[in-house]
Amino acid sequence: MHRIHRITLDDALPLLAAGRAKAEEIGVKQTLCVCDESANVIALHRLPGARLTGVEIAMAKAFTAAGHERATHLFNEGPNGPALPGNEAFGISHMLPGKFAIFVGGFPLVYDGQIVGAVGISGGNGEQDKAVGAAMIAEFEALTSSINA
């Protein structure tokens, strides 16, 4: 029997708040997505003024991070990123058009050694998306550390 940990809306809301706070601190208008372990969206927040396209992009980043259990930018990080030309997953983004993102902004959420969900961030440059993702992950880790205490 396999035990599955699952995040809920109550778990996602503090992550969105942390992401929003970081985005506002660095002055970027972003869309933030939290999905569960099955890559289903639990919560989505498009900050005021964020691009319309960010909604679908943030969801795709979260989907990819949850489904492939890795940060999305690792697909293209050299020299051995699996989605780089000549590597084993080159072209993988074409398998699920519009749902699979292989650029910065998707990060898995890990609890007790399991992927329990992911976050997707869209609207900034790579460093900005990473900073907001790091804030969301730090909030998740703070919340889950109290469970194990």
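The values are calculated or read from the model by the stated rules, or taken from the named source; none is laboratory data. Computed from a prediction, not measured in an experiment: that's the story for all the values here. Every residue, glycine among them, receives a Cβ derived from its backbone with ideal geometry; neighbour counts consider all protein chains shown. Keep in mind that these areas ignore ligands, DNA and RNA; they rest on the heavy atoms of the full protein, side chains included. Shrake-Rupley method; radii C 1.70, N 1.55, O 1.52, S 1.80 Å.
Solvent-accessible area per residue for the chain at a 1.4 Å probe radius, Å²? Intermediate results must be reported in sequence, preceding the final value.
Numbers: 7820 Å² over 149 residues.
That works out to 52 Å² per residue.
Would you kindly work out the equivalent ellipsoid of the range 1-85 from its C-alpha gyration tensor and give its semi-axes, the square roots of five times the eigenvalues, largest first in whole Å?
So the three semi-axes of the range 1-85 are 23, 20, 11 Å.
So what are the range 66-114's ellipsoid semi-axes, whole angstrom, largest first, if each one is the square root of 5 times an eigenvalue of the alpha-carbon gyration tensor?
Values: eigenvalues 76, 35, 17 Å².
Each semi-axis is the square root of five times an eigenvalue, giving 20, 13, 9 Å.
Cut-off 20 Å, label point 7 angstrom out along Cα-to-Cβ of Glu25: give me the residues of the range 111-136 whose amide nitrogen falls inside.
Within reach of a label on Glu25: 119-136.
Please compute the modelled spin-label separation between Leu143 and Glu56, points set 7 Å along Cα→Cβ, answer in nm with one decimal.
The answer from the label model is 2.8 nm.
Applying 1/(1 + (r/R0)^6) with R0 = 30 Å to the Cβ-Cβ distance of Asn87 and Ser38, what FRET efficiency is obtained, to the nearest 0.05? Provide the component values of the computation, followed by the final result.
Details: r = 27 Å, r/R0 = 0.90.
Rounded to the nearest 0.05, the efficiency is 0.65.
Using 0.36 nm per residue of separation minus the Cα-Cα distance, give me the extension gain between Ala134 and Asp10 in nm, one decimal.
Working: separation 124, 0.36 × 124 = 44.64 nm, distance 1.93 nm.
Residue separation times 0.36 nm, minus the Cα-Cα distance, leaves 42.7 nm.
Provide the convex hull volume over Cα atoms per residue for the range 100-149, in Å³. Please report the intermediate quantities before stating the final value.
Details: hull volume 3.6 nm³, N = 50.
Dividing the Cα hull volume of the range 100-149 by its residues yields 72 Å³.
Picking from Met136, Met95, Met59, which is most flexible by a Gaussian network model of the chain using Cα springs under 10 Å?
Of the options given, Met95 has the highest mean-square fluctuation.
Return the Rg/Rh value of the chain, two decimal places, where both radii are evaluated on C-alpha atoms and Rh is the Kirkwood radius. Mind showing how you got there, number by number?
Numbers: Rg = 14.7 Å, Rh = 15.2 Å.
In the chain, Rg relative to Rh is 0.97.
Could you please put Arg70, Arg6, Arg46 in sequence from largest to smallest accessible area, using a 1.4 Å probe? Walk me through the numbers on the way to the answer.
Working: Arg70 80, Arg6 140, Arg46 105 Å².
Reading off the accessible areas and sorting them downward yields Arg6, Arg46, Arg70.
Measure off, as a whole percent, the carbon and sulfur share of the 1.4 Å-probe accessible area of the range 48-119, all protein chains present.
On the way: 2190 of 3680 Å².
Carbon and sulfur: 59 percent of the exposed surface of the range 48-119.
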